[in-house]
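As structure tokens, the structure follows; a few thoughts come after it.
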Amino acid sequence: MSSVTTTILQSSPAAPIPITSFTKTCHKCGADLSHSHPPIAEDAQRRIAELETQVKLLTGKATAAVDKLADYEDELRQLKSSNKPTSDPNTNAQPPSRPTSAAGAQRNHLQSRISHLLPSNRRATSQPPSSTPADQTSHTNNRENAELLTMLTREQSLRKAAESRVSQTNEELEELSAQLFTEANEMVATERKARAKLEERVAVLEGRDKEKRTRLEVLESRLGRIERVREMLK
């Protein structure tokens, strides 16, 4: 019996087991929060912040592209409005040819009356100036037609350039939207992976907690036996 008492006295200092080390547990699942894995959550948050900044940049680019489209539409409208007044002077410039023809008729009438009084040589010299107004009107008409053609070609070239820019901006918008969707899908996938890892970690911690609880129960039962033996020895 004395040997038994010595073994009990030696094992008694091991009685105060650090039960307080398991106080930092989750109230719902009982997981040990002191052994959590914060770097995974920090990486996920950092990735989310980076993706949010990228989304902001992409939205800024999209708004800039929309503004470019609006500017191109305004340019096209201005070109169309500027083309209309240029066509009006042509229509307004044609009626003045009638007064010139009337003036020419009056001149011809006067010249015919004077020709009866003047000799034939003066009549021949007085007739050629009547053809100059027609030449001037034809020259002005040709010049106006050339100007209109140049303006039309310029408008067509500007319109083609604007259409090419619009198509380019549409392609950029499509590429940006596709990139945004891919990045959003990647973000969701990474979040799911991080969540799965955290769930696995929680499951492992719960298993460890259960093992520790079973060990504590075993140790408590042993301590109860030791106390009973002490009481019996007393």
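Where a number appears in this text, it was derived from the coordinates with a stated rule and is not lab data. As the structure is a computational prediction, the values presented were derived from the model and not from experiment. So basically every Cβ, Gly included, is an ideal-geometry build from the backbone, and we count neighbours across all protein chains shown.
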Looking only at segment 157-202, which residues are of a type in the set (A, V, I, L, M), surrounded by 15 or more Cβ atoms within 10 Å (Cβ to Cβ) and farther than 20 Å from Asp67 by Cβ?
Met187, Ala194, Leu198, Val202
Give the residue, chosen from Ala178, Ala194, that is closer than 30 Å to Lys56 by Cα, of a type outside the set (Lys, Arg) and in contact (Cβ under 8 Å) with a residue 60 or more places away in the chain.
Ala194
Residues that are assigned to a helix (DSSP H, G or I) and in contact with a strand residue (DSSP E or B) (Cβ under 7 Å, 6 or more places away or on another chain): does segment 195-205 have at least one?
yes
